[in-house]
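Student: Supplied in structure tokens, the structure appears directly below.
The values are calculated or read from the model by the stated rules, or taken from the named source; none is laboratory data. In this text the structure is predicted, and so the values were computed from the model without any measurement. FYI the Cβ positions are ideal-geometry reconstructions off the backbone, even for glycines, and counts take in every protein chain you see.
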Amino acid sequence: MFTHTDEAAHAAERRLVANAYSMSSLLEMEPYVDGAIEEMCTRMGDFTNTLTAVNMAFWLQAYAFDVVGELAFGRAFGFLATGQDVGGQMANLRGWLKKRFAVGMMPWFFPIFMSPLAGIFSRASKEEQEDLKKRRAVCFLLFSLLRAVYG
């Protein structure tokens, strides 16, 4: 989850989120996950008496997205209910991951990739660049809030 090479920095960030992974926290989340499992079973049951091929990669990703929606926002995104890529988010994620694959293969490139200079060479639209700025601001705000709450 954290990619620090400095063990002290890693430990400090790990402490910020450790409570979310305690057994009591995980047990509180169980009903949300159970609801998504029931929805997934219902959707898979729709395919039992057909000869239709089932794209399990899509359905498992839909399950994962809906569980995250339930846990983070209190409601599923609707991937399982609709059986579709709601808002094109899965396609967006695939595109995002393809663009960042090189960064994972060349960690030394990450600071350059994340710098404002990278925007000059980016094929991303101005709208995508603005969206990225907003997401970074939200991540910074959430991380600051976690640090303030958990020290």
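Student: Quick test for you: out of GLY78, GLY88, pick the one residue that is small (Gly, Ala, Ser), modelled with pLDDT of 75 or more and assigned by TED's automatic domain parsing to the domain that holds THR42.
Tutor: Of the residues listed, the single one that is small (Gly, Ala, Ser), modelled with pLDDT of 75 or more and assigned by TED's automatic domain parsing to the domain that holds THR42 is GLY78.
Student: Are any of the residues in segment 69-85 touching a helix residue (DSSP H, G or I) at 6+ places or on another chain (Cβ under 7 Å), β-branched (Val, Ile, Thr) and assigned to a helix (DSSP H, G or I)?
Tutor: no
Student: Across segment 16-36, what is the number of residues that are closer than 21 Å to ARG147 by Cα and under 17 Å from the mean Cα position of the chain (by Cα)?
Tutor: The qualifying residues number 3.
Student: Can you tell me which residue in segment 37-60 is farthest from ARG147 (Cα to Cα), limited to those that are of a type in the set (Val, Ile, Thr) and in a helix (DSSP H, G or I)?
Tutor: That would be THR42.
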